[in-house]
Protein chains: 2
Amino acid sequence: MLEAKNIGLRGIKVADTRISDVDGEKGVLIYRGFNVIDLVRSSTFEEVSFLLLHDRLPTQEELRSFKSALASERSVPEPIFQFMKMLPESAPPMDVLQAAIPVLGSFDPRLHDETKEANLGKAIGLIAQLPTVLAAWDRIRNGLSPAPPVPGLSHAGNFLYMLKDSIPDPGMAKDFDLCLMLHAEHSFNASTFAGREVASTHAHMYAAVAAAVGALSGELHGGANSEVMKMLLEIGEVQRVKSWVSERLRKGGKVMGMGHAVYHTEDPRAGILREMCKRLVGLTGDSRWCELTMAIEGATKEEFRKGKGREIYANVDLYSASVYHMMGIPKDLFTPVFALSRISGWAAHIIEEKFAEAQPKPELYRPDADYVGTYCGAQACEYVPIEERSE
Amino acid sequence: MLEAKNIGLRGIKVADTRISDVDGEKGVLIYRGFNVIDLVRSSTFEEVSFLLLHDRLPTQEELRSFKSALASERSVPEPIFQFMKMLPESAPPMDVLQAAIPVLGSFDPRLHDETKEANLGKAIGLIAQLPTVLAAWDRIRNGLSPAPPVPGLSHAGNFLYMLKDSIPDPGMAKDFDLCLMLHAEHSFNASTFAGREVASTHAHMYAAVAAAVGALSGELHGGANSEVMKMLLEIGEVQRVKSWVSERLRKGGKVMGMGHAVYHTEDPRAGILREMCKRLVGLTGDSRWCELTMAIEGATKEEFRKGKGREIYANVDLYSASVYHMMGIPKDLFTPVFALSRISGWAAHIIEEKFAEAQPKPELYRPDADYVGTYCGAQACEYVPIEERSE
């Protein structure tokens, strides 16, 4: 027996993985051997998804066929839209996504096929369909008809198109593609671990992905990017940043988007998003959010140096908020958009869990705990019939 | 860093819990200080649910009010039925349940209220509504109208009523109540851990419960009771049991329902269900399933003694299968019925995770892993543009 209470399994290696590596000291994130910084400079979300699923970059022919599989799976069964039309418009988009996943599974003829090939097919189906579901929900809750996916646009471009029913600016679509690549994978984070945990019971991929979506929705995980947006809206003006940040820290609060459990230097993704933020100011002419975010980053760093004598760095969520906002994505869609990207990493991990090469096969996750509750000795407490209990 | 690879966190204590204690050596299962054997003799699922949620037995007044809260939450919003009518009739009931949970959440005005009181309310809502959802799905997929819950029946009786649209035999309803009590809680099993893991990110209860349902669906976990029924149907006759079991074990296969990761003696729940099996033979006049199950238990024990020189014991799933079958529950509803019971344990654990008394608060679950994938040295692999890659 080993005591590892309340530390969230930090520092406990539960498996080998070939999928990604995070070097928190150097601030390096590797997907299947490639630095994420190199990938976002030259690759696409489609290629990165192939890489994550197949453990190597595709040939031209393989990428063509992967893209055409995505295109052919992008439409969702009509009942999905009918289902959404019956939901209250207040239904949180993460919850709609979580509910839609087992429904998509029930329409998938591959559902009960547990070969690796079928699981790769389910992965492509989920990567292709989640953006369609999410964009449709945003339109339906606003009383609009879903915009069907269009051929010829990238995966990223298709989402922006389906959201607005209008062809996106190519530069913005490319930047959104970059966001999707950046968020696609991050080792055994809480949502990925939830997906692997469910897959370890031999549940199918849809059940596991729905669990991962649930974990991502928490504000300590994927929910953080919407929390950053709430903070930007609350502060409102650059002049208010300094006093807001010092007040917040003085009260023992956190500045959302700053600091990371794994990175002890700058999150490599934050720099890319900071550059993108500036680029989007050029495109949209609206510098407010980007300036506000930089001011928050600066003020928080200064407060940490002064008050705590240590450095703090922006994480992936800080600039995501203003970037998504400038792309016209509603703030309660930020976390679901994270899911549209992370689905590639989740699927790769679920497949790794299901087809692990380790012998014996990995056990299902079932940790231990210490019972510290009511104890009446070895015989257990006496059950007193309700009519004899003292009130 | 600690190496604990592929062992599914077995033997690693991740938290303190006041909810339940499993003594695998003595075969004792304790809910909040009470032996489950004492509870099933004298209590009801409603009282056990109160106990699990409140850490003590209720007074008469408290139990009355708990039952009336359940009764008032038993109906589900009409759109849930419309949603089910659009699903393919092949949709697995566990997937329908997993999808329905976030939908129920989206209709719950308490959804975003994270007080303990609101979480207890959500727990009562889920305990009350899951049986309604499941019974309705079985009727809808068979072209029948859902039967609304009725006042005056117990929680267990209501489920059997809603499933068949006919008042159940009181003895059978009492036995089903007993099954619900027996399956309500079992410490940090895979589904409960999945629920706690999701709650550790501060996701809401519906998101966490949907994850737990996903984990329960796996055949290594809750899915095992349906697998037992498949085995009973495959073997078919008592005369075939011996040869089937020895053939199965000779080939390195498992006999479903036999053996347990935690119990090294008889699972205390198995004995209760064995007695119930015999009792239901008296009620239904059909001894086939119970005799077949006892023959399988006997043959497996004998093979283990002879072949492996050790004992093996029935677990909770072995007799559940024939018991549920004699109650007229379809075999693909066995695992969802497990969920109707375990929801009380899940909710108690999710509340314990959210309102843990430990200081500092438990961290979100985020284990480590060893990267063993492609490695090109500290600089990472060179990204070669696709047109320059060798085919």
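The values are calculated or read from the model by the stated rules, or taken from the named source; none is laboratory data. Owing to the predicted nature of the structure, the values given are computational and were not obtained by experimental measurement. For neighbour counting, all protein chains shown are included, and Cβ atoms are generated from backbone atoms with ideal geometry for every residue, glycine included. Only protein heavy atoms, including side chains, enter the accessible area calculation; ligands, DNA and RNA are left aside. Shrake-Rupley method; radii C 1.70, N 1.55, O 1.52, S 1.80 Å.
Listing for the model above:
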| read-out | value |
| --- | --- |
| Looking only at region B:29-42, and only at residues there that are of a type in the set (D, E, K, R) and outside any loop (DSSP other than H, G, I, E, B), the one that is farthest from the other protein chains (Cβ to nearest Cβ) | B:Arg41 |
| Some residue of region A:150-165 being of a type in the set (S, T, N, Q), closer than 25 Å to B:Thr201 by Cα and either in the same structural domain as A:Phe45 (by TED's automatic domain parsing) or crowded, with 24+ Cβ neighbours inside 10 Å (or both) | no |
| Any hit, region A:331-344, residues being of a type outside the set (Ser, Thr, Tyr) and open to solvent by 20 Å² or more (accessible area, probe 1.4 Å) | yes |
| Selected residue [part of a helix (DSSP H, G or I) and over 30 Å from A:Ala99 (Cβ atoms)] from B:Ser226, B:Ser246 | B:Ser246 |
| Complete set of residues in region A:213-235 that are closer than 22 Å to A:Phe304 by Cα and open to solvent by less than 70 Å² (accessible area, probe 1.4 Å) | A:Ala224, A:Asn225, A:Glu227, A:Val228, A:Met229, A:Met231, A:Leu232, A:Ile235 |
| Failed condition for B:Val255, given (1) over 23 Å from the mean Cα position of the chain (by Cα); (2) crowded, with 20+ Cβ neighbours inside 10 Å; (3) assigned to a loop (DSSP other than H, G, I, E, B) | (1) |
| Residue in region A:253-271 that is small (Gly, Ala, Ser), closer than 25 Å to A:Ile12 by Cα and at the interface with chain B (Cβ under 9 Å from one of its Cβ atoms) present | yes |
| A:Glu197, sole failed condition from (1) assigned to a helix (DSSP H, G or I); (2) without any contact (Cβ under 8 Å) to a residue 60 or more places away in the chain | (2) |
| Within region A:53-65, considering residues that are within 11 Å of chain B (Cβ to nearest Cβ) and of a type in the set (A, V, I, L, M, F, W, C), the one farthest from A:Gly121 (Cα to Cα) | A:Leu57 |
| Search result, residues across region A:7-33 that are surrounded by fewer than 21 Cβ atoms within 10 Å (Cβ to Cβ) and on the phi > 0 side of the Ramachandran plot | A:Gly11, A:Gly27 |
| Which listed residue is β-branched (Val, Ile, Thr) and open to solvent by 10 Å² or more (accessible area, probe 1.4 Å), from B:Ile140, B:Ile127, B:Ile101 | B:Ile140 |
| Set B:Lys26, B:Lys13: member being at pLDDT 95 or above and either more than 7 Å from chain A (Cβ to nearest Cβ) or not in a helix (DSSP H, G or I) (or both) | B:Lys13 |
| Close pairs from region B:281-307: first assigned by TED's automatic domain parsing to the domain that holds B:Met231, partner open to solvent by 40 Å² or more (accessible area, probe 1.4 Å) and among the aliphatic types (A, V, I, L, M), Cβ under 8 Å, at least 6 apart | B:Glu291/B:Val238; B:Leu292/B:Val238; B:Ala295/B:Val238 |
| Residue match in region A:340-359 (condition: at pLDDT 95 or above, within 14 Å of chain B (Cβ to nearest Cβ) and part of a loop (DSSP other than H, G, I, E, B)) | yes |
| Identity of the residue in region A:186-212, touching an Asp or Glu at 6+ places or on another chain (Cβ under 6 Å) and more than 7 Å from chain B (Cβ to nearest Cβ), that ends up surrounded by the most Cβ atoms within 10 Å (Cβ to Cβ) | A:Ala199 |
| Of all residues in region A:72-114 being at the interface with another protein chain (Cβ under 9 Å from one of its Cβ atoms) and among the hydroxyl-bearing types (Ser, Thr, Tyr), the one that is farthest from B:Leu87 (Cα to Cα) | A:Ser90 |
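Residue-wise test of (1) among the aliphatic types (A, V, I, L, M); (2) over 21 Å from A:Pro268 (Cβ atoms); (3) buried (at least 20 other Cβ atoms within 10 Å of the Cβ); (4) not assigned by TED's automatic domain parsing to the domain that holds A:Arg250.
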residue	(1), (2), (3), (4)
A:Tyr313	no, no, yes, no
A:Val316	yes, no, yes, no
A:Tyr319	no, no, yes, no
A:Lys361	no, yes, no, yes
A:Gln379	no, yes, no, yes
A:Tyr383	no, yes, no, yes
A:Ile386	yes, yes, no, yes
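Residue by residue, here is whether (1) polar (S, T, N, Q); (2) in contact with a Ser or Thr (Cβ under 9 Å, 6 or more places away or on another chain) holds:
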| residue | (1), (2) |
| --- | --- |
| B:Lys26 | no, yes |
| B:Ser43 | yes, no |
| B:Glu61 | no, no |
| B:Ser68 | yes, no |
| B:Asp108 | no, no |
| B:Ile127 | no, yes |
